[in-house]
Amino acid sequence: MSRQTERSNAPIARRGWADARWLKPKSWAFSDDPDALIGQYANLKRQVPLLYLLLVIIAAASVYLTADSAPRLIVGLVSGLFVAVCTTRMVWWLWFLPDPSEISVSDAKALLRRTTLAVLPICLSYLGYAFLLDASGGPLQRAGVTICLIMTAIGCIFCLMHLPQAALLVHLTTMVPYMIYQAFVGSEIFLLIALIAAMVTTLMIRVSLNAHEDFTELITSRAELAMRRREAESLASENASLAMTDVLTGLPNRRLFLSDLQDRIARSAEAERECVVGVLDLDRFKQVNDIYGHTAGDKLLVAVGQRLRSLRSDSLLVARLGGDEFGLLIEDDETAAKAIGERVIALLNRPFQIDGHRLSVGCSIGFATFPYSGATANSVFDRADYALYDVKADRRGTFAFFTLDLETRLRTDSELEAALLGADLADELDIALQPILDLTTAKVRGVEALARWNNAQIGRVDATRFIDAGERLNLMKSITTTLFEKALASMGKLPEDVGLSFNLSTFDIGRSSTIDGLIAAIERHGVAPDRITFEITETALMREYDTAIAHIHRLQGMGISIALDDFGTGYSSLSYLSRLPIDKIKIDRSFVCKLDEPGVKKIVTAIMGLCETLDLECIAEGIETAEDCLTLESMGC
């Protein structure tokens, strides 16, 4: 038998006549379930007034039936008193008892007990009144009284269906005494009527108890269903909260930020007011991860989140967008946004204590204002991100707003990206060779391949711009391998003692597929690996340090040299420099063009001394005057 069948058959077996538990006192005990008690009270508040109305009507009918035979004075006084009591009780139940939503469980239970006990005096009084009328009337009057008594008992039991204790008392205090009364003073017909009526009311008691049990089960199941619904709603609310919360920092996440951005911009558009979006990025977070590990990095993000959380208000939402990037949503004007930007930068410039280390990171922020920077949530957010990109390019640790100049540049970059996506790289990309000279002999030691791109629609494009665009569009593998193929082809026109220096982008050194392609090209062109030098920046190394180092060792194993480009403008950490597997250092052109400044000249001298100590070849790039050449030669470059 299935569980469903067992469950459906169980109530039938429990309520069968063979099961006598319904006669036991426990079956008549008041429920301890608060919902069941309140439910009983609610039903009684609707039905008890009807019960008293029934008693009044039947009392009046009884008086009418026996008006010619019963003593009028006694009947008038008794019936008047009985009707007055019933009317008072009916009014009390209708207008003076509290609504089910307002009564307490304890008060409801006490009222149910009092109602049950009130059955005794009311039923006994009515029974005595019925006996008085029965004794003073003839056969027709006695039949009328009998009918009234039986109908009263049935009506009371029916009205008290949800209070079976009271219904049982009605049965016991009316039908049982009446049956005994008829056995002694009545005829066989009236006794038979009394017996039949007693059996009917007994069956009604059984039905009443069944109905009450069904009612209790329904209330309980509703309560359980409501509880499960509340649990489900609570769980759904928790899940929704988790879905909108960053697990690490506890701040709102990107999903909630973008959703709230849509809502706030809609409100701002309706109210014709400004709304400012900020995108915040930590400046030196990558170093923390590389030096102290990702655990320390996570703890730092938690600490940053705690500081940013202290700024939240009704007009400011702070969220973690991902990685070390956070979002600021300011439902106010640019003046308020500037004040918040200053507070955030000051807050994050203060050092953090993480695992005994004093860490300083700082941040940069890009702001964009609705409706001036964009008409939609996405456009405003993208422009705030672009403003951040511009800030991090050359003035980290500050904040800036998206401007018309940036709009022009953004449109230009968009055109450039569109042209790059549709470009025939093999036809449009080219290289220029820049000589690398030995200052002591004036002999060309090598050449550096410089990238060039000439597009039919937008013309010649600066290498820095299209390389940045290629990185954003994930096209660097195609760009790098195409340029390297052209550089290797040019090697056949150069003396065999002239080497080739080739720049790898930030993304190239960390991609195995790009490194595989470069090695395959070298082998395909038959160029000796010791003639090749790959130039990388500190930024490229810091991006994916472990992977980059592994690739460097692989290239060096073939005889390829590695040069650290733009030295002095990146991290320039001596602890890193001592660990990096490099062969050459290139002094950035920003130092070479300012050799007439005493401070710069000392820095260049120190860098050359460092290279000599570490046994690294030193190359100065960007020499454009004979004076610079002579100065560097005199310094021993």
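The values are calculated or read from the model by the stated rules, or taken from the named source; none is laboratory data. Computed from a prediction, not measured in an experiment: that's the story for all the values here. Every residue, glycine as well, gets a Cβ built from its backbone with ideal geometry; the counts of neighbours run over all protein chains shown.
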Report task. Any residue in the range 239-254 that's more than 16 Å from GLY323 (Cβ to Cβ) and among the β-branched types (Val, Ile, Thr): show its pairings with residues that are assigned to a loop (DSSP other than H, G, I, E, B) and modelled with pLDDT under 80 at Cβ separation under 7 Å, as long as the two are six or more apart or on different chains. Result -> none
Query raised in the report: Among (1) in contact (Cβ under 8 Å) with a residue 24 or more places away in the chain; (2) surrounded by fewer than 20 Cβ atoms within 10 Å (Cβ to Cβ); (3) more than 20 Å from GLU471 (Cα to Cα), which single condition is ALA368 missing?
Result: (2)
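For (1) hydroxyl-bearing (Ser, Thr, Tyr); (2) farther than 23 Å from ASN503 by Cα, each residue gets a yes or a no:
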residue: ILE603; (1), (2): no, yes
residue: GLU624; (1), (2): no, no
residue: ASP628; (1), (2): no, yes
residue: THR631; (1), (2): yes, yes
Query raised in the report: How many of the residues in the range 339-379 are more than 20 Å from ARG320 (Cα to Cα) and of a type in the set (Lys, Arg)?
Result: 1
Requested in this report: Give me the pairs, please: first residue somewhere in the range 297-315 and assigned by TED's automatic domain parsing to the domain that holds SER360 and farther than 23 Å from LYS286 by Cβ, second residue anywhere and among the hydrophobic types (A, V, I, L, M, F, W, C) and not in a helix (DSSP H, G or I), beta-carbon distance under 6 Å, and either six or more positions apart or on two chains.
Outcome: ARG312/VAL318
Query raised in the report: Hey, among ASP405, ASP333, ASP355, ASP394, which residue is surrounded by fewer than 17 Cβ atoms within 10 Å (Cβ to Cβ), of a type in the set (D, E, K, R) and on the phi > 0 side of the Ramachandran plot?
Result: ASP355
Query raised in the report: Among the candidates ALA271, ALA303, which residue alone is at pLDDT 90 or above, surrounded by fewer than 18 Cβ atoms within 10 Å (Cβ to Cβ) and small (Gly, Ala, Ser)?
Result: ALA303
Query raised in the report: Of the residues in the range 32-66, how many are outside any helix (DSSP H, G or I) and touching a residue at least 24 places away in the same chain (Cβ under 8 Å)?
Result: 2
Query raised in the report: Taking the condition touching a Ser or Thr at 6+ places or on another chain (Cβ under 6 Å) and among the charged types (D, E, K, R), does ASP413 pass?
Result: no
Requested in this report: Quick one: ASP390 ticks every box in (1) in the same structural domain as ALA563 (by TED's automatic domain parsing); (2) over 20 Å from ILE623 (Cα atoms); (3) among the acidic types (Asp, Glu) except a single one, so which number is it?
Outcome: (1)
Report task. Restricting attention to the range 450-473, report how many residues are touching a residue at least 24 places away in the same chain (Cβ under 8 Å) and not aliphatic (A, V, I, L, M). Result -> 9
Requested in this report: Just give me the residues in the range 92-117 being assigned to a helix (DSSP H, G or I) and either touching a residue at least 24 places away in the same chain (Cβ under 8 Å) or touching a His at 6+ places or on another chain (Cβ under 9 Å) (or both), in sequence order.
Outcome: TRP93, LEU94, VAL105, ALA108, LYS109, LEU111, LEU112, ARG113, THR115, THR116
Query raised in the report: Since LEU410 meets every condition but one in (1) among the aliphatic types (A, V, I, L, M); (2) over 35 Å from the mean Cα position of the chain (by Cα); (3) buried (at least 16 other Cβ atoms within 10 Å of the Cβ); (4) in a helix (DSSP H, G or I), which condition does it not meet?
Result: (2)
Requested in this report: Output yes when any residue across the range 341-362 is part of a helix (DSSP H, G or I), assigned by TED's automatic domain parsing to the domain that holds GLU270, out of contact with any His (no Cβ under 7 Å at 6 or more places or on another chain) and β-branched (Val, Ile, Thr), and no when none is.
Outcome: yes
Query - Breaking point among (1) at pLDDT 80 or above; (2) among the hydrophobic types (A, V, I, L, M, F, W, C); (3) surrounded by 12 or more Cβ atoms within 10 Å (Cβ to Cβ), for ALA211 - result: (1)
Report summary line: From the option list ASP405, ASP394, single residue qualifying as more than 25 Å from ASP324 (Cβ to Cβ) and within 47 Å of the chain's Cα centre (by Cα) is ASP405
Report task. All but one of (1) touching a strand residue (DSSP E or B) at 6+ places or on another chain (Cβ under 6 Å); (2) at pLDDT below 90; (3) outside any helix (DSSP H, G or I) hold for THR369, so report the exception by its number. Result -> (2)
Requested in this report: Just need a number here: residues in the range 306-319 that are of a type outside the set (Ser, Thr, Tyr) and surrounded by fewer than 17 Cβ atoms within 10 Å (Cβ to Cβ).
Outcome: 6
Report summary line: If we keep only residues of the range 462-478 that are among the aliphatic types (A, V, I, L, M) and within 16 Å of LEU410 (Cβ to Cβ), then the residue surrounded by the most Cβ atoms within 10 Å (Cβ to Cβ) is ALA469
